[in-house]
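The structure appears right after this line, and notes come after that.
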Amino acid sequence: MTRNRWNNPFQGIQSQLSRRQLIENTALGVGALAVGSLGLPRAARAANEVNFWATGTLDIGDDGWEIFMNESGVKVDFTDNGNDPGPVIAKLAAGNANDIYDVGGLQGGSEKELAKRGLISPWDLSQIPNYTSLWQWAKDIPYLTYEGKVYGIPTVINADSIIALREKAGNVDSYGVVFDPKLKGKTAMEDAWINSVTFTAIYLKNAENTKIAEPGNLTADELGLVMEFLIKHKKDGQFRTFWNGWEQGLQLVVNREVWVMTGWEPIVYAARDRGVDCYYAVPQEGYEAWGNNAILLKGAVNRGLSKMAHQFVNALLAGFYGCKLGTRRGYLVPTDNNVAYATAHSAAFDRAKVKELGEHVKAKFSSKVYWQNTRPDNFQLYEQWWQRLRNA
Amino acid sequence: MTDDKVAGLPAANAFFLALPSLVVFVLMGFTPLVLIATWSFWSFDPDTYWIKPVWSLTSYVALLQDGRASVLLRTAGLAGLTAAASTLLAVPAATVVGLLSGRRRAALLVALFTIPFFTSGLVRAFAWRLVLGREGIINNVLISLGVADTPVEWLLFSDFAVVLGMVAAYLPFAIIPIVLLFARIDQSVIRASQDLGAGFWMMFSTIVLPLIMPGIIAGFLFVFVVAVGTSMEIQLLGGAGASSTSIMINDVMRVVNFPLAFAIATVVVISLIALVIIANGMLKLSRLFEELGT
């Protein structure tokens with residue numbers, strides 16, 4: 001799982017199923033153990049209802065969605081997709097996700113693959129007036145478009161680096177500390193190639209001048225170099241562990257199991273709340289940026305819900321959602337509409353805090369950033385190398 | 001039992017009684033396994049991100065590459081260690097319950113052994129991190145007693161931690177079958193051995209142990225099978241990037257390599273079925289269903 005931070009088979013039976021349909025439907029019954037829970041088709045729903053299938057991070061809770069509906073006219077049925085891009089893509093490609101959900105929210109990088117296979121549809125920007133309010137660099141995320149059309153709308157954006165214990169690690173300003181032999185057995189990375197390979201590639205590219213074009217999308221040769229580097233350090237006992245999920249990451253820091261690790265900024269805040277003197281480093285090699293983007297599922301278009309889906313995404317960028325999400329999770333919707341909304345609704349939101357969150361993320365993006373990519377071109381090769389790393 | 005009667009029921013009635021279970025087994029157990037085994041020989045289709053019926057051994061070849069085979073062996077090794085340790089602990093525990101306790105105390109002890117199941121496996125495994133960690137209870141005690149100067153690092157994020165976590169979690173699976181066999185031992189056999197002058201150890205080793213052996217083997221197999229399928233303890237307590245068959249299947253599913261995931265599952269399931277068949281053939285697990293000591 002890459003960013004779980006906080007923490008049908010019974011569709012209308014057709015008289016003549018094609019072999020593929022038969023396989024898919026059977027697979028849904030059979031593959032439940034492997035792919036995870038499948039969900040069933042929803043009962044009849046309201047005309048203004050949108051089924052939003054996204055990372056749990058994007059949920060603003062029942063109270064939030066109620067206000068959202070009052071302001072936008074869109075009733076939202078939120079379902080956590082687990083955030084692991086693999087199963088999400090599997091359910092879109094071979095499962096029934098398109099029969100159930102209308103809009104997806106997924107870590108960026110998979111848009112091109114999903115668009116290529118006709119599993120998602122392009123957004124019609126003329127139906128999303130608030131799109132113009134998005135910060136330009138958010139619009140410029142490289143994998144949002146395919147063949148000139150926009151398939152991903154940036155909903156949440158941030159940039160990750162290194163968490164360090166001040167008393168143990170001193171001043172950290174480089175990923176090199178994660179691989180420093182002096183901290184052997186006191187460092188950790190995430191148990192996910194999406195993040196850890198990218199971080200290592202950023203380090204090698206900038207600190208050791210390794211020839212790497214795009215850390216988020218390594219060629220086979222580049223990937224080999226990066227993975228050999230990781231394997232060597234793993235064999236040397238450099239890493240205490242590879243961590244998974246919010247609780248594990250937080251526990252490592254709070255219990256001082258590791259002194260430095262690549263990780264998520266909210267862990268720093270939570271650890272500080274528990275009395276741990278830690279901080280989020282500003283790495284000279286640059287941040288690993290990530291976006292969680294809204295995608296329009298093909299099924300919604302087929303069901304005539306495209307207009308409602310656009311209305312929904314437009315409302316995500318209108319200000320209330322950004323304020324609510326920032327307050328609830330500390331995550332940022334990259335638009336100035338948040339501050340405008342907080343200014344107009346000062347009883348509900350602290351304008352200064354909303355502004356501060358925006359400025360904080362903007363400051364990160366004013367330095368060097370490399371985009372995380374959940375579906376690099378050689379994604380299956382990444383998995384093969386990750387197995388070798390596991391076994392090293 | 002006659003040819004046309006099963007436990008006093010006419011065979012036809014017995015068949016209908018078993019029919020719902022049979023249907024469930026075939027539909028939800030056997031059929032998926034056959035399909036998964038079949039699809040493991042199909043090919044990944046990059047155009048659809050799904051599989052296509054082009055027969056291939058690619059997945060089984062891939063199973064031998066990138067260290068995947070060693071993950072299978074390592075998983076089996078850890079599960080075997082866990083099952084062996086659990087069995088060693090289960091025999092004396094079950095003996096206390098089955099042989100040395102009255103009914104009320106036995107019931108109480110059995111209830112105590114099931115306590116680990118009252119909470120989620122995730123919480124159980126996570127709790128071990130707080131016990132075994134650098135600033136955990138054990139290291140604090142060792143340091144305060146002067147046994148160690150610095151925290152013992154291998155207590156956590158090691159195979160030791162994984163096996164400990166799995167034994168603690170799955171020990172009841174080893175205890176219960178033995179306790180059940182104790183309950184079925186004819187007490188007159190034990191009394192007879194005592195009347196003939198056998199001490200406890202003589203009676204235990206020559207009479208009780210052979211009688212509970214099917215339970216010991218069954219318990220070992222239960223723990224082994226569960227431990228082969230788990231990933232929680234390995235992910236939470238194992239070293240950096242520690243793997244198991246379940247973790248490997250997850251990794252493969254993330255990159256939608258369905259045939260390889262199916263191949264791994266097929267190999268595991270077939271291996272486990274073979275293990276049970278062999279154990280039954282060699283050690284007569286069917287004795288679990290026979291009267292004991294008569």
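Laboratory data are not the source of any read-out in this text; all were calculated from the coordinates shown. Quick caveat: nothing in here was measured; it's all calculated off a predicted structure.
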So who's got an amide H within less than 5 Å of the one on A:GLN238, skipping anything under 5 residues away but keeping other chains? H placed 1.01 Å off N, in plane. A:GLY185
With -39,500 (n - 2.57) per DSSP H segment of 4 or more residues and division by the full residue count of the protein assembly as shown, the 222 nm estimate, nearest 500 deg cm²/dmol, is -16000 deg cm²/dmol
The stretch B:73-95-the stretch B:189-246 distance, computed between alpha-carbon centres (Å): 6
Karplus-derived 3J(HN,Hα), 6.51/-1.76/1.60, for each residue of the stretch B:26-42, Hz, glycine and proline x: 5, 6, 9, x, 6, 4, x, 5, 5, 5, 4, 4, 5, 5, 5, 9, 7
Between A:VAL76 and residues 5 or more places away or on another chain, the pairs with built amide H atoms under 5 Å apart involve A:VAL50
Two-decimal Rg/Rh of the protein assembly as shown from alpha-carbon positions, Kirkwood Rh? 1.02
Would you give the gap between the C-alpha center of the stretch A:54-69 and the C-alpha center of the stretch A:70-104, rounded to a whole Å? 14
Treating every alpha carbon of chain B as one equal point scatterer without solvent, the Debye formula yields log10 I(q)/I(0) values at q = 0.07 Å⁻¹ of -0.39
Cα gyration tensor of chain A, axes a ≥ b ≥ c as square roots of the eigenvalues: rounded (a/c below 1.5), prolate (a/b > b/c) or oblate? oblate
Going by amide H atoms built from the backbone, whose H comes under 5 Å of the H on A:GLY82, apart from near neighbours? A:GLY56
Per its Cα gyration tensor (rounded if a/c is under 1.5, else prolate when a/b beats b/c, else oblate), the stretch B:1-147 is best filed as oblate
At q = 0.21, 0.32 1/Å the base-10 log of I(q)/I(0) from the Debye formula over the alpha-carbon atoms of the stretch A:346-387 is -0.75, -1.03
Spelling out what I want: for every residue of the stretch B:153-164, take phi, set θ = phi - 60°, compute 6.51 cos²θ - 1.76 cosθ + 1.60 (Karplus), and round to whole Hz; glycine and proline get x. 6, 6, 5, 10, 6, 8, 4, 4, 5, 5, 5, 4
Can you tell me the convex hull volume per residue for the stretch B:211-294, based on C-alpha atoms, in Å³ to the nearest whole number? 103
All lysines inside 30 Å of B:LYS284 as judged from Cα atoms, apart from same-chain residues fewer than 8 positions distant: B:LYS5
Any chance you could count the Lys pairs in the stretch A:44-185 whose alpha carbons are under 15 Å apart, treating pairs 8 or more apart or on different chains as valid? 5
